[in-house]
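Student: Here's a structure for you.
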Amino acid sequence: MTSFTQLKEREEALLCRTYGRYPLAVKTAQGSVLTDFDGREHIDLLSGIAVTNLGHCHPALADVMNEQARKLVHLSNLFYQEEQLNLAEKLLATAHFGKVFFCNSGAEANEAAIKLARRYAQRVKGRDAGTVITLTGAFHGRTLATVAATGQEKFQDGFAPIPQGFRQVEWGNLDALEAAIGDDTVAVLAEIVQGEGGIRPMPVEYAQGIQDICRKKGILFMVDEVQTGMCRTGRFWAHQHYGLQPDVMTSAKALANGLPMGAMFATDDVARGFELGSHATTFGAGALVSVVAEKVVDIMLQEQLAERAQRVGAAFMEDVRKLGERIPGTIEEVRGLGLMIGIVLTFPGKAVWDELLRRGFVLNLTQDRVLRLLPALNVSEEHLAAFLNTLEELLKEHAAAE
Ligand SMILES: *Cc1c(COP(=O)(O)O)cnc(C)c1O
């Protein structure tokens, strides 16, 4: 029988060594339950990093995939494709944007946004400008331009020269933002809730302040909703919590519930920055991923999963806060929006995270002390309660050992 150790050995011989894997190998997955190679079940509170928002192997998506796989999978973007248009109509109806460009990942969606912002400034506005401003703690992807946008040294290490045209300002500081905008600046790119940065939602005044400054300075306000979009935070898009109207938005992760897909949305005005031949992708929104993504949107709306994420997430965060009060000195803060949740411990979380995984709970540890939960939007309340019970036991043990 295949074991975790055997997979590890084969991988070391075969794959570029870019990933530090979790000590778990999953054979099959259904809903929020992962089954490992020994037949043991685990509760998935990570959803492939906010990707399988509808849970694993959703039967309705499997049906659509199966049917489409025998009809049409890929043609390339040389052809008109009805599946793309059906998806575009549904996605555009969820927000205020006028146009969408489809691609295959979050980084690619952000590349499209950066290219569009520059070309709109240069070709539509006639400005000699190209700099995009991002915020500290950001994560925008791993391509060369998006690691430049991300601005963190650990993601840039050894990859010099890093592309020019990005400037980073301190998260939360509107004065610094305003001061950083110059004649060379075309846009601000920001996450409404920083994900990799440790689940940091923007305060309302800060988010609105960024938009106001962008409008005042005549530059674009672009939001990276690769992780926060697709009902994750309790609205279809996180910026809708704040009544914002960004000029550009990027999406990916949960768009096709596990099939690779990205999208960049823009207002009709800004979309004029791209002309025939300006930008392209071979795979973007092929027929198969498009019909799956369309079904994802249908299910999210029919089952009101944004509203559910809001309700279940708020109740869960309240329960974790109460847990923190019962065991003082263990939980510093619980933050998040909807079902994008960070439990900030007062101490390095590796041992607790290890033990949670051993006891069958799959989640992520980020920024050393933040337990990061991104459960499926249809996760059962029983699964969340089971996690809470186990966390309570572990925190009690920790407090007793102090
Ligand atoms: C995951 C993520 C990306 C990168 O997406 P990929 O599909 O891995 O390229 C970009 N921005 C944010 C906010 C993300 O969470």
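The values are calculated or read from the model by the stated rules, or taken from the named source; none is laboratory data. Please read these numbers as outputs of a predicted model, since none were measured by experiment. Neighbour counts are summed over all protein chains in view; Cβ atoms, including those assigned to glycine, are modelled from backbone coordinates with ideal geometry.
Student: Mind telling me which of the residues Leu365, Leu377, Leu356 ends up being modelled with pLDDT of 95 or more and assigned to a helix (DSSP H, G or I)?
Tutor: Leu356
Student: Quick check, is Ala263 in contact (Cβ under 8 Å) with a residue 12 or more places away in the chain and on the phi > 0 side of the Ramachandran plot?
Tutor: no
Student: Output the qualifying pairs, or none if there are none: Cβ atoms under 6 angstrom, residues six or more apart or on different chains, first residue in segment 275-294 and acidic (Asp, Glu), second residue crowded, with 23+ Cβ neighbours inside 10 Å.
Tutor: Going by the 6 Å Cβ cut-off, the qualifying pairs are Glu294/Leu87.
Student: Follow-up. Consider Gly324 carefully, then state whether it is in a loop (DSSP other than H, G, I, E, B) and more than 16 Å from the ligand (Cβ to nearest atom).
Tutor: Taking the combined requirement at face value, the residue does not satisfy it.
Student: Right, next: What is the one condition in (1) surrounded by fewer than 17 Cβ atoms within 10 Å (Cβ to Cβ); (2) closer than 25 Å to Lys350 by Cα; (3) among the charged types (D, E, K, R) that Glu89 does not satisfy?
Tutor: Going through (1) surrounded by fewer than 17 Cβ atoms within 10 Å (Cβ to Cβ); (2) closer than 25 Å to Lys350 by Cα; (3) among the charged types (D, E, K, R) one by one, Glu89 breaks only (2).
Student: Need pairs with beta-carbon distance below 6 Å; first residue within 13 Å of the ligand (Cβ to nearest atom) and within segment 196-210, second among the hydroxyl-bearing types (Ser, Thr, Tyr); sequence gap 6+ or separate chains.
Tutor: As it stands, the answer is Gly198/Thr366, since those pairs meet every condition given.
Student: Step by step: first the residues of segment 215-245, then only those that are of a type in the set (S, T, N, Q) and away from the ligand (no atom under 16 Å from the Cβ), then the one that is nearest to Arg311 (Cα to Cα). Which residue is that?
Tutor: Gln240
Student: Scan segment 18-45 for residues that are surrounded by 21 or more Cβ atoms within 10 Å (Cβ to Cβ), in a loop (DSSP other than H, G, I, E, B) and of a type in the set (A, V, I, L, M) and jot them down.
Tutor: Once the filter is applied, which keeps residues that are surrounded by 21 or more Cβ atoms within 10 Å (Cβ to Cβ), in a loop (DSSP other than H, G, I, E, B) and of a type in the set (A, V, I, L, M), segment 18-45 yields only Leu45.
Student: With the requirement that a residue be of a type in the set (Asp, Glu) and either in contact (Cβ under 8 Å) with a residue 60 or more places away in the chain or closer than 28 Å to Thr143 by Cα (or both), what does segment 73-103 give you?
Tutor: Passing the criteria: only Glu83.
Student: A follow-up question, please. Going by the conditions given, is Gly329 at pLDDT 95 or above, surrounded by fewer than 21 Cβ atoms within 10 Å (Cβ to Cβ), small (Gly, Ala, Ser) and under 23 Å from Glu41 (Cβ atoms)?
Tutor: no
Student: State the number of residues belonging to segment 21-66 that are within 16 Å of the ligand (Cβ to nearest atom) and within 21 Å of Trp353 (Cβ to Cβ).
Tutor: Total satisfying the criteria: 7.
Residue-by-condition table, conditions (1) free of Cβ contacts under 8 Å to residues at least 40 places away in the same chain; (2) of a type outside the set (A, V, I, L, M):
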| site | (1), (2) |
| --- | --- |
| Trp353 | yes, yes |
| Arg358 | yes, yes |
| Leu363 | no, no |
| Asp368 | yes, yes |
| Pro375 | no, yes |
| Leu384 | no, no |
| Leu388 | no, no |
| Leu394 | no, no |
| His398 | no, yes |
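Student: Additional query: For segment 177-191, does any single residue satisfy the condition of being within 11 Å of the ligand (Cβ to nearest atom), at pLDDT 95 or above, out of contact with any Gly (no Cβ under 6 Å at 6 or more places or on another chain) and hydroxyl-bearing (Ser, Thr, Tyr)?
Tutor: There is no residue in segment 177-191 that is within 11 Å of the ligand (Cβ to nearest atom), at pLDDT 95 or above, out of contact with any Gly (no Cβ under 6 Å at 6 or more places or on another chain) and hydroxyl-bearing (Ser, Thr, Tyr).
Student: Can you tell which of Phe166, Phe159 is more than 15 Å from Leu244 (Cβ to Cβ) and within 15 Å of the ligand (Cβ to nearest atom)?
Tutor: None of the others qualify; the one that does is Phe166.
Student: If you don't mind, there's one more thing I want to ask. So which residues in segment 253-273 are buried (at least 21 other Cβ atoms within 10 Å of the Cβ) and more than 11 Å from the ligand (Cβ to nearest atom), if there are any at all?
Tutor: Selection gives Ala256, Asn257, Gly258, Ala263, Met264, Phe265, Ala266, Val270, Gly273.
Student: Thr250 versus (1) within 15 Å of the ligand (Cβ to nearest atom); (2) out of contact with any helix residue (DSSP H, G or I) (no Cβ under 8 Å at 6 or more places or on another chain): which is the lone unmet condition?
Tutor: In the conditions (1) within 15 Å of the ligand (Cβ to nearest atom); (2) out of contact with any helix residue (DSSP H, G or I) (no Cβ under 8 Å at 6 or more places or on another chain), Thr250 misses (2) alone.
Student: All but one of (1) within 20 Å of the chain's Cα centre (by Cα); (2) surrounded by 15 or more Cβ atoms within 10 Å (Cβ to Cβ); (3) of a type in the set (Lys, Arg) hold for Arg118, so report the exception by its number.
Tutor: (1)
Student: Something else about it: For the subset of segment 146-155 comprising residues that are buried (at least 20 other Cβ atoms within 10 Å of the Cβ) and either of a type in the set (Gly, Ala, Ser) or away from the ligand (no atom under 11 Å from the Cβ) (or both), which member is nearest to Ser251 (Cα to Cα)?
Tutor: Ala149
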